[in-house]
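The values are calculated or read from the model by the stated rules, or taken from the named source; none is laboratory data. All of these numbers come straight from a predicted model, not from anything done at the bench. Backbone-built Cβ (ideal geometry, glycine too); neighbour counts: all protein chains shown.
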Amino acid sequence: MSDLPPPRHPSVEGEPVPPDARPYSEADDPTQVVIPTSPRNEAIVAGLLALAGLLGVAFVVVYVLVDSTPLFGLTLGGALLALGAAAIVAGKGVVPQETVLEPRASVAHPEDEAATTALIRSAGSGVSRGRLLKLTAAIASAGMGAASLATLASFGPWIGSRSVPSPWRRGARLVDEYGRPVRADALEVGSFVTAFPKGADIDLLGSPVIVVRIDPSEVDLPPARRGWAVDGILAYSKICTHAGCAVAMMRYPLFPAHSAEPALVCPCHYSTFEVATGGTVIFGPAGRPLPQLPIRIAADGTLEAAGPLSGDVGPAWFGVNRA
Amino acid sequence: MRLGPRRFAALTAAGWALGALALLLVAPGTGLGQGETASVPSAAAQIARGRTLFVTGCSSCHGYAARGIHGVAPSLRGVGALAADFYLSTGRMPLDSPAVEPTRKRPAYTPQQIAALDAYIGSFGGPPIPHVSLRGSSLARGGSLFMDSCSGCHQAAGAGGIVPGAFAPALSQATPRQIVEAARIGPYLMPRFGPRLLTDAQLASISRYVEYVRGSHNPGGWGIGHLGPVPEGMIAWFVAVPFVLLVARLIGERAEA
């Protein structure tokens, strides 16, 4: 092959012709069409498409009845895999394999368009069981469409404009996760602890609060919240107002001259809430401040709520952006 | 007069021998005097030595009398030998510039020098260096406490992370003593955990957990630095996606006629 001089290109005008070029011959034309006509391959494609559809339906069933991540992956992943395999087999072994030489000239001519249309029409000429393939393709798209729609349910129940219920009431005692009361003197300046309302379900989104002690001189609450902090102790909902993660990080500067102000930080997307000013957002994607819980110290030195949380607990959702 | 190393060693040995002899002579007479005779003069000497080191290495920021300089560095009176030991033994102090975040480095002082500086800072009062024993600590309880109080910033595997404004360091080199000291101090932006929030025994359990996760337990194979979703995502993008592209290329190759 390589010892022959290059053939002269047949169709491009004005192209410089190499001096050693030989005339273009029939042997240089790579155009060929191979029509597979393989009923076996068609059966494989149909089987794979049907499998994809069945696995899509299986995903819906698993999604509704069994809460198992490996099964989700197995069914939805298997459906995608079967669909991909069907496309590969169909591409390699069902539709005609055609090698053509595409001239570089423009195809914007009516007769070329007609030729292209005819070419596309002829693409199904090797298919003998077209209806079977169409039927199984419909099964695949129905199954997988159902599978993708089913995941919409993960957006959660439709709650309209209702807020997550919070068990915090005036006088509710703060306890830790083992039910032991939280004492004010356990918290040094720069400490935090997670607390729940005594007797309430600690798994409720509205239950956990993060109790923080900062230097009392740093507290800078708005006038409407005067008295919500006691001896520098403040409490906020532990649920981030952006996506509902637990606000698990706290920063407190040892030497404020060189470092940032005290803040609560959500580890999911780094929403940062300033402690001193009432949980205002100072960084990150959260759209509203952390709800604050007014705090007072009971006669026995334990902490209790002086009122309900200042705002809606939980992640942002349609219609709830109020503080 | 300059002392060669050999003569210096001989003199030191002679000094020890004399000291031991003095103890033998004095101790039977005074009963509990043993500790006092041995430690009081040497403690004073340690403090003096620590003061010299402090004036040379620390006073430009913390002031000659360790009272701090407003807006530059805090007073060290009352922080105790505990804080001095933490910052010096982890190499966080001395800092090149007072405004940068202190990070773990090779300690700038020898253990003897650190002991002298600890004694000097400790002479102003404050908490002593804690004695941490992992005997009787519980790995399971330590893990649970670590999840509650530490893993938000340091990650469940103690691999560290970031908080806006600071790095939460990896705990791969932290000794149990340094872990207890850090909890009590709350260095840089870390919150503080007083003895009523986490007892010494609870901190010992946490230290035991930190030592445990340091080992390479990777049931799934490659741990990818224990850093969680970011390196895992990078593996997905830089290893898995090229693999998928390669497969796509192989699938799309022209069939042999």
Exercise. Please go through segment A:227-269 and pick out each residue that is among the small types (Gly, Ala, Ser), in contact with a Ser or Thr (Cβ under 9 Å, 6 or more places away or on another chain) and away from chain B (no Cβ under 14 Å).
Key: A:Ser237, A:Ala243
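Name the residue that is nearest to the other protein chains (Cβ to nearest Cβ), counting only residues in segment A:280-291 that are crowded, with 23+ Cβ neighbours inside 10 Å and closer than 15 Å to A:Ala229 by Cβ. Walk me through it before giving the result.
Taking segment A:280-291 as the starting set, the residues that turn out to be crowded, with 23+ Cβ neighbours inside 10 Å are A:286, A:290-291.
Now narrow it down to the ones that are closer than 15 Å to A:Ala229 by Cβ: A:290-291.
On the way: A:Leu290: 15, A:Pro291: 19 Å.
So the residue we want is A:Leu290.
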Exercise. Only one of these is in contact with an Asp or Glu (Cβ under 8 Å, 6 or more places away or on another chain) and either more than 14 Å from chain B (Cβ to nearest Cβ) or closer than 18 Å to B:Gly152 by Cβ (or both): A:Thr272, A:Thr277. Name it.
Key: A:Thr277
Self-check item: Count of residues meeting criterion [touching a residue at least 40 places away in the same chain (Cβ under 8 Å) and either of a type outside the set (Gly, Ala, Ser) or surrounded by fewer than 23 Cβ atoms within 10 Å (Cβ to Cβ) (or both)] in segment A:173-203
Solution: 12
Quiz item: Looking only at segment B:133-157, which residues are crowded, with 19+ Cβ neighbours inside 10 Å, more than 12 Å from chain A (Cβ to nearest Cβ) and assigned to a loop (DSSP other than H, G, I, E, B)?
Solution: B:Ser137, B:Ala157
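Could you tell me how many of the residues in segment A:52-69 are within 17 Å of A:Ala87 (Cα to Cα) and buried (at least 22 other Cβ atoms within 10 Å of the Cβ)? Step through it out loud before you land on a result.
Filtering segment A:52-69 down to residues within 17 Å of A:Ala87 (Cα to Cα) leaves A:52-56.
Now narrow it down to the ones that are buried (at least 22 other Cβ atoms within 10 Å of the Cβ): A:52-53, A:55-56.
Residues in segment A:52-69 being within 17 Å of A:Ala87 (Cα to Cα) and buried (at least 22 other Cβ atoms within 10 Å of the Cβ): 4 in total.
Where residues in segment B:158-182 are within 14 Å of chain A (Cβ to nearest Cβ) and of a type in the set (Gly, Ala, Ser), which of them is surrounded by the most Cβ atoms within 10 Å (Cβ to Cβ)? Quick ask: steps written out before the conclusion?
Taking segment B:158-182 as the starting set, the residues that turn out to be within 14 Å of chain A (Cβ to nearest Cβ) are B:159-169, B:181-182.
Narrowing further to those that are of a type in the set (Gly, Ala, Ser): B:159-161, B:165-166, B:168, B:182.
Values: B:Ala159: 20, B:Gly160: 16, B:Gly161: 18, B:Gly165: 17, B:Ala166: 18, B:Ala168: 21, B:Ala182: 25.
Across segment B:158-182, the extreme among qualifying residues is B:Ala182.
Test A:Gly171 against the criterion of being modelled with pLDDT of 90 or more and touching a helix residue (DSSP H, G or I) at 6+ places or on another chain (Cβ under 7 Å), and give yes or no.
Working: modelled with pLDDT of 90 or more: yes; touching a helix residue (DSSP H, G or I) at 6+ places or on another chain (Cβ under 7 Å): no.
In short, no.
On the given criteria, is B:Ile185 of a type outside the set (Lys, Arg), away from every other protein chain (no Cβ under 14 Å) and within 23 Å of A:His258 (Cα to Cα)? Spell out the reasoning first.
Numbers: of a type outside the set (Lys, Arg): yes; away from every other protein chain (no Cβ under 14 Å): no; within 23 Å of A:His258 (Cα to Cα): yes.
For B:Ile185, the condition - of a type outside the set (Lys, Arg), away from every other protein chain (no Cβ under 14 Å) and within 23 Å of A:His258 (Cα to Cα) - is not met.
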Exercise. Could you list, in sequence order, all residues of segment A:42-101 that are within 24 Å of the chain's Cα centre (by Cα) and of a type in the set (Val, Ile, Thr)?
Key: A:Val57, A:Val60, A:Val61, A:Val62, A:Val64, A:Val66, A:Thr69, A:Thr75
Exercise. Say whether the condition of being within 19 Å of B:Arg214 (Cβ to Cβ) and more than 14 Å from chain A (Cβ to nearest Cβ) is met by at least one residue in segment B:110-123.
Key: no
Self-check item: Scan of segment A:205-217 for residues that are touching a residue at least 40 places away in the same chain (Cβ under 8 Å) and in a loop (DSSP other than H, G, I, E, B), ordered by number
Solution: A:Leu205, A:Gly206, A:Ser207, A:Ile214
